[in-house]
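The values are calculated or read from the model by the stated rules, or taken from the named source; none is laboratory data. Here the structure is a predicted model, which is why all the values come from computation and not from measurement. Neighbour counts are summed over all protein chains in view; Cβ atoms, including those assigned to glycine, are modelled from backbone coordinates with ideal geometry. Accessible surface areas use protein heavy atoms only, side chains included; no ligands, DNA or RNA. Shrake-Rupley method; radii C 1.70, N 1.55, O 1.52, S 1.80 Å.
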Amino acid sequence: MKTQLFANDEDDIRKALNIYNNGGHAGQYAEITLTNRALTAAVPDGTIALGTDLQNADVQGTVYGKRSNGDTNIVFLYDISEVQSNYLDCQVGALQELGLERTRRCLAASGTIKIGEAGSYSYNYDVSSQNKNLITLASFSTLASSNMLSCANCPHKTFEKFYKFYGEASFADKWVVSAAQAARAEFGQQTKVADFGGLSFDARANASYYGIVLLTMFNQVIYQMEASIDKCHSNEDGRHEWDLAAAYHAGSLEGTDGNGDGNMFHQLADDLCMETKTCGRSSAGLSGRSYVNRMILDNLRDAKRYFTSRQCDSLR
């Protein structure tokens, strides 16, 4: 997406926003239609489903959303490995427009799928257009109201400050899209305005990109931590949500040692420390990993001890 955003071309910006809105790498699912018969029983959300991929190998997923007796439309949510090197090789969504789709491990275009105790069914679907994504950069902002303002332990204090300033929950989405499209963004009841009209391609790209990192992803990282702490207080295992916070902080391009060329906070901090002389453990160097990244990673690792001993408040 970043490549298209900074390509200095209106059509490339449109392609970047297509990836922003529709994704390509996370929360992969297939929209399939049962062809030989409708469901003969109700199917709960999360029911295990098993089919074969385009290589004729087994592919496992779950039914997303409950389905009723008689339904023929099923959303097959692919199982995802948490090990990056084994990540699902079915990535389509908005990547198809760029020729970057990967379909090797996608559900075959037609075949048989076994759905829990409901039995086996013939199905078909279009691999190119019906492999989509639940998780997108846009969704982090458009779902912010339900996730951070109206949840059981909401409002989340950090997000609430942004909400009060901008006057609306999806402020990040409006900023990102308006900047990319050279539009005027009016927040809340027009109390805050950001007018991107007349800006250069580069200025628009930077405003949109940093809006994603500093508005969208910042609040998403905090949200995952809040969700993790809430689970801890409820005697549930919140380590997965904590891992997501760490993943969103670093992004997928940093590698295992943090020396990759990423696009999220980790890389931004390493870039800026060279300008502000805050690199290294002394926070006084001009090269190497930023001091703030070292502190963040140390604190993220400390959480393992807190989860084990149920010191939920210490996670803050």
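Annotation for Ala41 and Ala7: the two label points, set 7 Å from Cα along the Cα-Cβ direction, are 4.9 nm apart.
Normalising the average separation of contacting C-alpha pairs (under 8 angstrom, six or more residues apart) by the number of residues puts the relative contact order of the stretch 179-316 at 14 percent.
Give me the dipole magnitude in Debye, nearest 20, for the chain about the Cα centre, with unit charges on the beta carbon: positive for Lys and Arg, negative for Asp and Glu.
580 debye
Projecting the Cα atoms of Met274, Ser129, Ser208 onto the charge dipole of the chain, computed from C-beta unit charges around the Cα centre, puts Met274 farthest toward the positive end.
Of the solvent-accessible surface of the chain, computed with a 1.4 Å probe and all protein chains present, 49% belongs to carbon and sulfur.
So how much slack lies between Met274 and Asn235, counting 0.36 nm per residue of separation and subtracting their Cα-Cα distance, in nm? Mind showing how you got there, number by number?
Values: separation 39, 0.36 × 39 = 14.04 nm, distance 4.23 nm.
Gain on extension, Met274 to Asn235, equals 9.8 nm.
Against the criterion of solvent-accessible heavy-atom surface with a 1.4 angstrom probe, Asp271, Asp195 sort, most first, into Asp195, Asp271.
Per-residue 3J(HN,Hα) values for the stretch 87-99, derived from phi via the Karplus relation 6.51 cos²θ - 1.76 cosθ + 1.60 with θ = phi - 60°, read 4, 3, 8, 9, 10, 10, x, 6, 5, 4, 4, 9, x Hz in sequence order (x marks Gly and Pro).
Taking other residues whose beta carbon is less than 14 angstrom from the beta carbon of Tyr291, and scoring Lys, Arg as +1 and Asp, Glu as -1, yields 0. Close amide H contacts of Arg289 (hydrogens built in the peptide plane, cut-off under 5 Å, sequence separation of 5 or more or a different chain): Gly280.
Counting heavy atoms of the protein chains alone, Tyr209 has an accessible area of about 30 Å² for a 1.4 Å probe.
Along its first, second and third principal axes, ordered by size, the stretch 81-224 spans 56, 41, 29 Å in Cα coordinates.
Straight-line cross-link partners of Lys114 among the lysines, defined as a Cα under 29 Å from its Cα and at least 8 positions apart when in the same chain: Lys66, Lys132.
Add +1 for every Lys or Arg and -1 for every Asp or Glu among the other residues with Cβ under 12 Å from the Cβ of Ser314, and state the total. Write out the running numbers ahead of the final one.
Values: positive: Lys304, Arg305, Arg310, Arg316; negative: Asp302, Asp313.
The answer is +2.
Backbone phi angles across the stretch 144-154, fed through the Karplus curve with coefficients 6.51, -1.76 and 1.60 (θ = phi - 60°), yield HN-Hα couplings of 4, 4, 6, 7, 10, 10, 10, 7, 4, 10, 8 Hz in residue order; Gly and Pro are listed as x. Counting other Cβ atoms within 10 Å, which trypsin sites (Lys or Arg not before Pro) in the stretch 2-83 have at most 12 and lie in a DSSP loop? Here the sparse-neighbourhood loop sites are Arg37, Lys66. For the stretch 161-316, what does the alpha-carbon gyration tensor say about shape, rounded, prolate or oblate, given a ≥ b ≥ c as the root eigenvalues, a/c under 1.5 as rounded, and a/b over b/c as prolate? Verdict is oblate for the stretch 161-316. The length gained by stretching the chain between Asp243 and Asn153 to full extension, at 0.36 nm per residue less their Cα-Cα distance, is 30.4 nm. The calculated FRET efficiency for Asn259 paired with Ser314, based on their beta-carbon distance and R0 = 25 Å, is about 0.25. In the distance distribution for the chain, Cα-Cα pairs more than 27 Å apart total 54 percent. Given a Förster distance of 30 Å, report the FRET efficiency between Ser110 and Arg14 from their Cβ-Cβ distance, rounded to the nearest 0.05. About 0.40, to the nearest 0.05.
How high is the relative contact order of the chain? Use alpha-carbon pairs under 8 Å, at least six apart in sequence, and give a whole percent.
Working: 565 pairs, mean separation 41.2, N = 316.
Reported relative contact order: 13 percent.
Here the Kirkwood formula, the inverse mean of 1/r across different C-alpha pairs, assigns the stretch 192-279 a hydrodynamic radius of 15.0 Å. Hey, how many Å between the Cα centroid of the stretch 217-255 and the Cα centroid of the stretch 105-163? Taking the Cα centre of each part, the stretch 217-255 and the stretch 105-163 sit 18 Å apart. For the pair Ala203 and Thr142, label points projected 7 Å from Cα toward Cβ lie 2.9 nm apart.
Relative to the compact-globule scaling 2.2 N^0.38 Å, provide the ratio for the alpha-carbon radius of gyration of the stretch 156-229.
Values: Rg = 13.1 Å, N = 74, 2.2 N^0.38 = 11.3 Å.
Rounded to two decimals, the normalised Rg is 1.16.
For the stretch 54-67, backbone phi angles converted through the Karplus equation (6.51, -1.76, 1.60; θ = phi - 60°) give residue-by-residue couplings of 5, 9, 6, 9, 4, 9, 10, x, 9, 7, 9, x, 5, 10 Hz, Gly and Pro being listed as x. When the alpha carbon gyration tensor of the stretch 19-125 is reduced to an equivalent ellipsoid, its three semi-axes come out at 24, 14, 13 angstrom, largest first.
Near Gln220, within a Cβ-to-Cβ distance under 14 Å, what is the net charge of the other residues, with Lys and Arg +1 and Asp and Glu -1?
So the environment of Gln220 carries a net charge of -4.
Taken as Cα centroids, the stretch 279-316 and the stretch 164-193 sit 33 Å apart, rounded to the nearest whole angstrom. At 7 Å along the Cα-to-beta-carbon direction for both Glu117 and Ser129, put a label point, then send me their distance in nm to one decimal. Output for this residue pair reads 3.8 nm.
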